Amino acid sequence: MKAKKEMISPCGLDCEPCPIRRLSFDETASKEVIDWYKRQGWLKKEEGREEAIKQGMYCKGCRSDRNDVHWSPDCFILECCVDKKNLDFCYECEEFPCDRLIKWSEETEQYQEALENLKRIQKERTQK
């Protein structure tokens, strides 16, 4: 269970399938990310996976050391949930789901799924 917990971020995102996390060890998953980096202008046309790894353009997950390789070390959710409130997941907060988390979840389908994942985990934990 611990390994799975480490792959679910405090906001409910499942880090396991994330191609940004997998970039350093999964060549197939990294192709989509490398193409996206190039479209963003973060990598030159001739640069690839090796350069992205060298530049630390991947993530080890939200439960990794934020001073090491991390996609968003200044994430407001990490700062609130983990740093300020010392919680593992947002659903453990008495304000869950807070307005800020709800607004964040409305940004993308993936974020909406993350919020629903937190609600599901909360429900499962309270039924035990």
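The values are calculated or read from the model by the stated rules, or taken from the named source; none is laboratory data. Since the model is a prediction, treat every value here as computed from it, not as a measurement. Positions of Cβ are backbone-derived with ideal geometry, glycine not excepted, and every protein chain shown enters the neighbour counts.
Only residues that are out of contact with any Lys or Arg (no Cβ under 8 Å at 6 or more places or on another chain) and surrounded by fewer than 14 Cβ atoms within 10 Å (Cβ to Cβ): list them for segment 54-68, please.
Result: 54, 55, 56, 65, 67.
Taking the criterion of being aliphatic (A, V, I, L, M), under 18 Å from the mean Cα position of the chain (by Cα), at pLDDT 95 or above and surrounded by fewer than 18 Cβ atoms within 10 Å (Cβ to Cβ), would at least one residue in segment 99-106 satisfy it?
Yes.
Any residue that is more than 18 Å from the chain's Cα centre (by Cα), of a type in the set (A, V, I, L, M, F, W, C) and within 29 Å of residue 103 (Cα to Cα) - is there at least one of those in segment 66-88?
Among the residues of segment 66-88, not one is more than 18 Å from the chain's Cα centre (by Cα), of a type in the set (A, V, I, L, M, F, W, C) and within 29 Å of residue 103 (Cα to Cα), which makes the answer no.
I'd like to verify a number: residues in segment 7-57 that are within 30 Å of residue 122 (Cα to Cα) and not polar (S, T, N, Q), how many?
15
With the condition kept exactly as written, say whether any residue in segment 83-96 is under 24 Å from residue 32 (Cα atoms) and surrounded by 18 or more Cβ atoms within 10 Å (Cβ to Cβ).
There is no residue in segment 83-96 that is under 24 Å from residue 32 (Cα atoms) and surrounded by 18 or more Cβ atoms within 10 Å (Cβ to Cβ).
Check residue 71 against each of (1) in contact with a Lys or Arg (Cβ under 9 Å, 6 or more places away or on another chain); (2) modelled with pLDDT of 95 or more and name the one condition it does not meet.
(2)
Specify which of the listed residues (56, 48) is of a type outside the set (D, E, K, R) and over 18 Å from the mean Cα position of the chain (by Cα).
Going through 56, 48 in turn, the sole match is 48.
Identify the residue in segment 72-127 that is among the aromatic types (Phe, Trp, Tyr) and assigned to a helix (DSSP H, G or I) and, among all such residues, is nearest to residue 21 (Cα to Cα).
111
Among 109, 116, which is within 16 Å of the chain's Cα centre (by Cα), closer than 17 Å to residue 8 by Cα and exposed (fewer than 10 other Cβ atoms within 10 Å of the Cβ)?
Just one listed residue meets the conditions, 109.
Out of all the residues in segment 17-46, which are out of contact with any helix residue (DSSP H, G or I) (no Cβ under 6 Å at 6 or more places or on another chain), buried (at least 16 other Cβ atoms within 10 Å of the Cβ) and assigned to a loop (DSSP other than H, G, I, E, B)?
18
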